[in-house]
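**Student:** One structure coming up, written as structure tokens, with questions to follow.
The values are calculated or read from the model by the stated rules, or taken from the named source; none is laboratory data. All values reported here derive from a predicted model rather than from experimental measurement. Don't worry about glycine lacking a Cβ; one is built from the backbone with ideal geometry, like all the others, and counts go over all protein chains shown. Ligands, DNA and RNA are stripped out before the accessible areas are found, and what is left, the full protein with its side chains, is counted by its heavy atoms. Shrake-Rupley method; radii C 1.70, N 1.55, O 1.52, S 1.80 Å.
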Amino acid sequence: MKKRSKWSSLLLVSGLSFILLLSACGGGNNAANNEPAAPANTGNTEQNTNDTAATNDSSSTGSPLELALKGEYKGTKVTMFGPFVDADQVKFETSIKEFEEKTGIDIQYEGSKEFEATINVRVDGGNAPDIADFPQPGLLAAVAKTGKVIDLNNILDQEKLKANYNQSWLDMATMEDKDGKQIMAGVWNRSNVKSLVWYPKKQFEEAGYTIPQTWDELMALTEQIAKDGDTAWGIGIESGAATGWPATDWVEDIMLRTTSPENYDKWVSGELPFTSPEVKHAVEVMSEIWMNPDYVYGGTKSIVTTAFGDSALPMFDNPPKIWLHRQANFITSFFPETAKIDEDYDWFYLPPIDEQYGKPVLVAGDIYAMFNDRPEVRAVMEFFTTGESIKSWVQSGGVIAPMNDASLDWYTSEADRRMAQLVQEATTLRFDGSDLMPGKVGAGTFWKGMTDYVSGTSTLDEALAQIQEGWNN
């Protein structure tokens with residue numbers, strides 16, 4: 001799905017049981033009851049500070065994680081709240097099981113499909129969990145401004161973080177507190193990759209097509225497929241109440257390839273309007289494919305009525321009816337069960353457009369924030385910055401680790417290994433833009449405006465002005 005906000009919507013709309021994903025998990029801890037949980041027995045801030053000081057004064061030395069592995073915090077509990085339910089919750093709990101056994105720390109995870117609404121209630125009510133998993137950094141940024149998110153700059157070893165994460169991940173974790181101070185609001189633990197183009201590997205090679213390395217080569221391939229009597233692209237944006245979100249992904253990917261990361265950030269924050277030349281140009285580049293009926297299966301008019309999950313399926317016809325499909329790695333959940341990665345299908349990186357902007361990668365993912373400062377909570381947060389914390393999930397497939405110490409050998413397919421390497425080596429990483437925008441824009445006018453433009457009910461200028469109104473209202 002699109003970012004998790006969209007992914008969550010898509011799961012509901014499509015009846016899907018990351019994903020993706022990046023993708024869901026349930027267990028008996030399904031917090032669909034949205035009443036705030038009873039406050040964890042964490043004590044007050046003064047007591048928490050004393051606990052930390054006591055640990056620092058002990059004869060034991062080492063980081064919180066090292067002390068935890070020595071059994072220093074055996075018998076303690078750390079509460080955690082997040083959006084993982086059903087299958088994802090099982091995968092998450094499996095990924096932390098060994099840590100719990102080694103340290104004696106009980107991570108009490110509670111998942112809810114209503115996480116986005118419930119976390120605000122808990123934080124505002126003084127019942128925040130020790131750790132919360134935010135699938136939308138924009139939501140965490142809003143919570144950080146309440147002053148209730150703990151700054152991790154002085155909690156975690158910054159040099160270790162710089163060694164283990166692409167700098168872009170650390171930049172995306174930097175947010176403002178209530179005083180406007182820049183803080184490290186969280187750490188990234190799970191990611192999904194969006195800048196991917198899927199293709200029918202075996203038939204693609206048999207046809208003599210080659211992987212494009214530049215945007216010009218991509219357009220040349222698109223035209224060649226048309227000349228060969230086929231349509232290159234499978235595109236669909238229908239997604240019930242979330243219709244339009246795949247179009248926003250395309251615009252975001254193209255923005256990263258046609259303007260600077262700084263402009264992308266300004267656009268996401270509302271400083272660069274949708275009516276700007278930069279944004280209009282990005283949509284125009286997209287339109288060279290989308291608005292050409294020779295390039296899209298079913299023609300341009302089919303895009304709005306084709307379900308996003310169905311739009312890739314003609315790739316698996318024999319012979320293929322489409323040859324290219326741009327979508328995040330979660331889309332494989334919609335592929336036929338009989339289709340084999342690395343054999344029947346594969347992916348290539350959506351090529352750069354302007355070489356001065358390098359090879360940017362659009363991502364989504366989960367960022368974990370800390371609300372209560374105790375030694376055992378610090379230990380768990382430090383654990384979440386390691387590849388080991390997500391190893392079993394990586395091995396099960398469907399997720400990419402953002403950490404550099406996550407071995408490429410953990411991935412069960414060559415496609416996933418290349419994807420992880422793409423994330424590690426990207427010149428620029430940026431989060432899905434519409435998930436960072438206020439909901440009335442990112443999941444509101446942006447979705448609708450793109451849908452109106454593609455359907456022909458609005459001109460491009462009208463659609464961009466309509467989208468911008470989301471910021472103005």
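**Student:** Within region 337-444, report the GluC sites (Glu not before Pro) that DSSP leaves as loop and that have at most 11 other Cβ atoms within 10 Å.
**Tutor:** Those that pass, being in a loop and sparsely packed, are Glu337, Glu343.
**Student:** How would region 393-460 be classified by its alpha-carbon gyration tensor: rounded, prolate or oblate, with rounded meaning a/c under 1.5 and the a/b versus b/c comparison settling the rest?
**Tutor:** prolate
**Student:** Related question: Rounded if a/c is under 1.5, else prolate if a/b is larger than b/c, else oblate: which is region 254-390, with a ≥ b ≥ c the root eigenvalues of its Cα gyration tensor?
**Tutor:** It is oblate, given that a/c is not under 1.5 and a/b is not larger than b/c.
**Student:** So, one more: How would Glu110, Glu462 line up by accessible area, probe 1.4 Å, largest first?
**Tutor:** Glu462, Glu110
**Student:** Kindly report, to the nearest 10 Å², the accessible surface of Lys145 as traced by a 1.4 Å probe over protein heavy atoms only.
**Tutor:** 120 Å²
**Student:** Could you pull out every residue, at least 5 positions away or on a different chain, whose amide H is within less than 5 Å of the one on Leu350? Hs are placed 1.01 Å off N in the peptide plane, and Pro or chain starts have none.
**Tutor:** Close amide H contacts, sequence-distant or interchain: Leu196, Val197.
**Student:** Once amide H atoms are built 1.01 Å from N in the peptide plane, which residues 5 or more positions from Lys359, or in another chain, come under 5 Å H to H?
**Tutor:** Amide H to amide H, under 5 Å and 5 or more residues apart or across chains, Lys359 pairs with Thr427, Thr428.
**Student:** Moving to a separate point now. For region 291-364, what are the per-bin percents of Cα-Cα distances with bins 10 Å wide, up to the bin holding the maximum?
**Tutor:** Histogram of Cα-Cα distances, whole percents per bin: 15, 43, 34, 8, 0.
**Student:** Could you tell me the distance between the Cα centroids of region 112-167 and region 242-314, to the nearest Å?
**Tutor:** When both Cα centres are located, 30 Å separates them.
**Student:** Oh, and also: Tell me, what does the Kirkwood hydrodynamic radius of the chain come to in angstroms if you use every pair of distinct C-alpha atoms?
**Tutor:** 22.9 Å
**Student:** Of His281, His325, which has the most accessible area and how do the rest follow, probe 1.4 Å?
**Tutor:** His281, His325
**Student:** Using a/c under 1.5 as the rounded threshold, could you call region 74-120 rounded, prolate or oblate? The axes a ≥ b ≥ c are square roots of the C-alpha gyration tensor eigenvalues, and prolate needs a/b larger than b/c, oblate otherwise.
**Tutor:** oblate
**Student:** Whole-Hz ³J(HN,Hα) for each residue in region 342-349, computed from phi via Karplus 6.51 cos²θ - 1.76 cosθ + 1.60 with θ = phi - 60°, x for glycine and proline: what do you get?
**Tutor:** Once rounded to whole Hz, the list reads 6, 10, 7, 8, 7, 9, 9, 5.
**Student:** Antiparallel versus total DSSP beta bridges in the chain: what percent is that, nearest 5?
**Tutor:** Antiparallel: roughly 55 percent of the beta bridges in the chain.
**Student:** Starting from the Cα of Lys148, draw a straight line to each of the lysines and keep only those under 16 Å, dropping any in the same chain fewer than 8 residues away.
**Tutor:** Lys148 reaches Lys178, Lys181.
**Student:** Just to be sure I understand the model, the point goes 7 Å from the Cα along the line to the Cβ. What's the resulting Gln421 to Thr61 distance in nm?
**Tutor:** Taking the simple label geometry, Gln421 and Thr61 are separated by 4.0 nm.
**Student:** Which of the pairs Lys91/Lys266; Lys113/Lys280; Lys194/Lys301 have their Cα atoms more than 28 Å apart in this structure?
**Tutor:** Lys91/Lys266; Lys113/Lys280
**Student:** Taking the Cα-to-Cβ direction at Gln158 and at Lys227 and moving 7 Å from each Cα, how far apart do the two end points lie in nm?
**Tutor:** Each label point lies 7 Å from its Cα, and together they span 5.5 nm.
**Student:** Based on C-alpha coordinates, I'd like the Rg and Dmax of region 154-252, in Å.
**Tutor:** My reading of the Cα-based Rg and Dmax gives 20.7, 60 Å.
**Student:** Give a residue-ordered list of calculated ³J(HN,Hα) values for region 278-287 (Karplus: 6.51 cos²θ - 1.76 cosθ + 1.60, θ = phi - 60°; whole Hz; x for Gly, Pro).
**Tutor:** Calculated HN-Hα couplings, in order: 5, 6, 4, 4, 4, 5, 5, 5, 4, 5 Hz.
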